[in-house]
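Notes for the one structure printed next.
The values are calculated or read from the model by the stated rules, or taken from the named source; none is laboratory data. Note that the coordinates shown come from a computational prediction; the quantities given were computed from them, not determined experimentally. Here the Cβ positions follow ideal geometry from the backbone for every residue, glycine too, while neighbour counts run over all protein chains shown. Accessible surface areas use protein heavy atoms only, side chains included; no ligands, DNA or RNA. Shrake-Rupley method; radii C 1.70, N 1.55, O 1.52, S 1.80 Å.
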Amino acid sequence: MSITLEERHGAHNYHPLPVVLSHGEGAWVTDVDGRRYLDLLAGYSALNFGHRHPRLVEAAKRQLDRLTLTSRAFHSDQLGEFCAELAALSEKDAVLPMNTGAEAVETGVKLARRWGYRVKGVAADRARIIVFANNFHGRTTTIVGFSTDPVARDGYGPFTPGFDVVGYGDLDALRAALTPETVAVLLEPVQGEAGVIVPPGGWLRGVRELCDEHGILMVADEIQSGLARTGRTFACDHEDVVPDVYLLGKALGGGILPLSAVVADRAVMDVFTPGSHGSTFGGNPLAAAVGREVVAMLATGDWQERATALGAHLDAALHALESPHVKEIRTRGPWAGVTLTADAPDARLVCERLAADGVLCKEAHGDTLRLAPPLVATPEELSVAVEALGRALG
Ligand SMILES: *Cc1c(COP(=O)(O)O)cnc(C)c1O
């Protein structure tokens, strides 16, 4: 019924697996017929803490009974605390809350351009931002304009100018693309939608050095890679790199509501002045209360440690599969891209078989499976899921 109604009355901008979910708890979801599935997608990492984590649900319920929305015309007793606590977690000074990830990216683009004009001294309307091939930063017209994925772009032009695309992980290409008008480098420290692509060791550090040399902002889109997904608070931490700007989203809302943020140093953030940017819902007290609980959970380091252990287990289990249909396995924490060989079953078919076997995941680009279990999953559950993957690969 639900699938038919969605087909008939919903836009067809997705191609979901044929499961209709009605309940979720921890790493598990249940469909309308009572079948249970292990969720290995975790809402594209928006559900890092699993479904309905009791601490997050409690924080939301507490706030629902007090105050949900003020707009930014007034202060709330949650927003300042949220900003201070997220800034402390990120070791930065200033936070600008938005809602979706794409809005955080748009905000980062505006921030970098204004900083370029007002601080770096680039001539009006000349600022350029370097991005990378196979990036995924969201779905607005500006963002798809600098995507290299024809499926995401086709039919949506004309696009916003001012972006240069270079190869991901290629430091020489980045160096060659820098101009006096370059104001920022916008990167994913691990490319998620591209299939969990981990850059060559030292690349992030090299980008940091180039940005320092040339007086350019390093903007890290950690919307999917951040907040313990890779075993560290930020994926940049793996190379001890501190970007000038973090873009956060997905898990920041605890899997309950959309909450994103731009986090930067005060000197950079202060290019925004009253009226120059905003959002009706951004930083609303309900989202801020949930975000505060997420930050409090991450502040102890326990989730990051748990993710590291889970990641080692997942990596070992995937390699132990020794399937002839697996071409490459890439992991960073409990986040894996499994690229299939040309003669393997189609990645979509593998996902359908996995669903029939009680495991939910989703293909990434083309021939890659992307696994991102919620961090509440147990090692045993991951073993069971990887065994199911072995069966699904045939
Ligand atoms: C999901 C994602 C976004 C966009 O987030 P939305 O909330 O879907 O707008 C941006 N950047 C990265 C790296 C993402 O994974």
If you take the beta carbon distance between THR378 and THR280 as r and set R0 to 45 Å, what does 1/(1 + (r/R0)^6) give as a FRET efficiency, to the nearest 0.05? 0.65
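Considering only protein heavy atoms, with the full assembly of protein chains and a 1.4 angstrom probe, order ARG229, ARG306 by accessible area, largest first.
Most to least solvent-accessible, the answer reads ARG306, ARG229.
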By accessible area (1.4 Å), largest first, TYR14, TYR168, TYR246, TYR156 order as TYR14, TYR156, TYR168, TYR246
Using Cα atoms only, what is the angle between the long axis of helix 79-90 and the major principal axis of the chain, expressed in degrees (0 to 90) to the nearest 10? 80 degrees
Given +1 on the Cβ of Lys and Arg, -1 on the Cβ of Asp and Glu, and no further charges, what dipole in debye does the chain carry about its Cα centre, rounded to the nearest 20? 820 debye
Take the chain, connect every pair of alpha-carbon atoms lying under 10 Å apart with a spring to form a Gaussian network, then pick out the residue of ALA127, ALA228, ALA112 with the largest mean-square fluctuation. ALA127
Between segment 327-394 and segment 1-65, what is the C-alpha centre distance in whole Å? 19 Å
What value, in deg cm²/dmol to 500, does the helix sum -39500 (n - 2.57) over DSSP H runs of n ≥ 4 give at 222 nm once divided by the residues of the chain? -10500 deg cm²/dmol
The distance between the Cα centres of segment 260-325 and segment 194-241, in whole Å, is 14 Å
Go through LYS110, LYS327, LYS120, LYS362 and list them by solvent-accessible area, largest first, probe radius 1.4 Å. LYS327, LYS110, LYS120, LYS362
Just want to confirm a number: the relative contact order over the chain, from Cα pairs under 8 angstrom separated by 6+ residues, in percent. 23 percent
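So for the chain, if I pair up every lysine 8 or more residues apart or on another chain, how many of those pairs have alpha-carbons under 26 Å apart?
Numbers: LYS61/LYS250; LYS92/LYS110; LYS92/LYS120; LYS92/LYS250; LYS110/LYS120; LYS110/LYS250; LYS250/LYS362; LYS327/LYS362.
Taking the chain as the scope, the lysine pair count is 8.
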Tell me the volume per residue, in Å³, of the convex hull enclosing the alpha carbons of the chain. 149 Å³
Nearest 5 is fine: what % of DSSP beta bridges in segment 55-299 come out antiparallel, could you say? 40 percent
So, over other residues within a Cβ distance under 12 Å of ASP367, counting Lys, Arg +1 and Asp, Glu -1, the net charge is -1
With Cβ to Cβ distances under 14 Å as the rule, what net charge do the other residues near GLU381 carry (K, R +1; D, E -1)? -3
